[in-house]
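K.L.:
So that we are looking at the same thing, I have put the structure below in structure tokens.
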């Protein structure tokens, strides 16, 4: 990692700090959903997801402590804290705050529309758009096949394991939203929720990368958005 330029190392730390904050936040956000679910199979799945999210947060904490701190020492810069305000921009904090609020509202109003909004925040946007875009970026930028020669194998292998978990989580959320739409929830609820959050996703992604990769990643955000809407049946597949 010492071969990374100063700007890229700073952006990578910011990305990892925000990703770690997301994992920590969504672990806590799942609790209301676990309370209101009635189906035993869904309850078991969410219990497993809670464990997954906690493992993800732990991986990111350990990576920061064992890798980021070591590189900071080698560069002769002060060790940083991933929870420091410098890493957490307002768009990302707003996205997490809105997701937390949507999940918490389930404890007072768990009607079908509110559930659709909650799943759309959590499973379709945070996990299905933001996280999926981030996973692809890490793999493309830092895998051993990277054309830039910036391989970070411990990071990419860890993120590949995280992505496998998140794929299951997204599939679960997609199926639950499909069920809610089939039961009569208006597709506009899902489309509007996702589109209200997308600018915060784009602003978060925008801070991750330098100019060379920004346009491609922002295009992928739109592609992930369209794919999630097709999967739930909110828009017709081409």
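K.L.:
Looking at the stretch 186-208, is at least one residue at pLDDT below 95, assigned to a helix (DSSP H, G or I), out of contact with any helix residue (DSSP H, G or I) (no Cβ under 8 Å at 6 or more places or on another chain) and within 21 Å of residue 146 (Cβ to Cβ)?
P.N.:
No, there is no match, as no residue in the stretch 186-208 is at pLDDT below 95, assigned to a helix (DSSP H, G or I), out of contact with any helix residue (DSSP H, G or I) (no Cβ under 8 Å at 6 or more places or on another chain) and within 21 Å of residue 146 (Cβ to Cβ).
K.L.:
Would you be able to tell me the number of residues in the stretch 171-182 that are in contact with a helix residue (DSSP H, G or I) (Cβ under 8 Å, 6 or more places away or on another chain) and more than 12 Å from residue 233 (Cβ to Cβ)?
P.N.:
Summing the residues that are in contact with a helix residue (DSSP H, G or I) (Cβ under 8 Å, 6 or more places away or on another chain) and more than 12 Å from residue 233 (Cβ to Cβ) in the stretch 171-182 gives 3.
K.L.:
Can you tell me which residue among 71, 125 is under 26 Å from residue 151 (Cα atoms), in contact (Cβ under 8 Å) with a residue 40 or more places away in the chain and not in a loop (DSSP other than H, G, I, E, B)?
P.N.:
71
K.L.:
Here's another thing I want to ask about it. Just checking, which of 50, 33 is assigned to a helix (DSSP H, G or I), modelled with pLDDT of 90 or more and under 25 Å from residue 138 (Cα atoms)?
P.N.:
Within the list 50, 33, the selection yields 50.
K.L.:
Here are 80, 2, 27: which of them is in a loop (DSSP other than H, G, I, E, B) and either under 16 Å from the mean Cα position of the chain (by Cα) or modelled with pLDDT of 95 or more (or both)?
P.N.:
After ruling out the rest, the residue left standing is 80.
K.L.:
Same structure, new question: Going through 207, 228, 214 one at a time, which residue ends up being within 21 Å of the chain's Cα centre (by Cα) and surrounded by 19 or more Cβ atoms within 10 Å (Cβ to Cβ)?
P.N.:
None of the other options fit; the residue is 228.
The values are calculated or read from the model by the stated rules, or taken from the named source; none is laboratory data. Everything numeric here is computed off the predicted structure, so don't read it as measured data. Every residue, glycine as well, gets a Cβ built from its backbone with ideal geometry; the counts of neighbours run over all protein chains shown.
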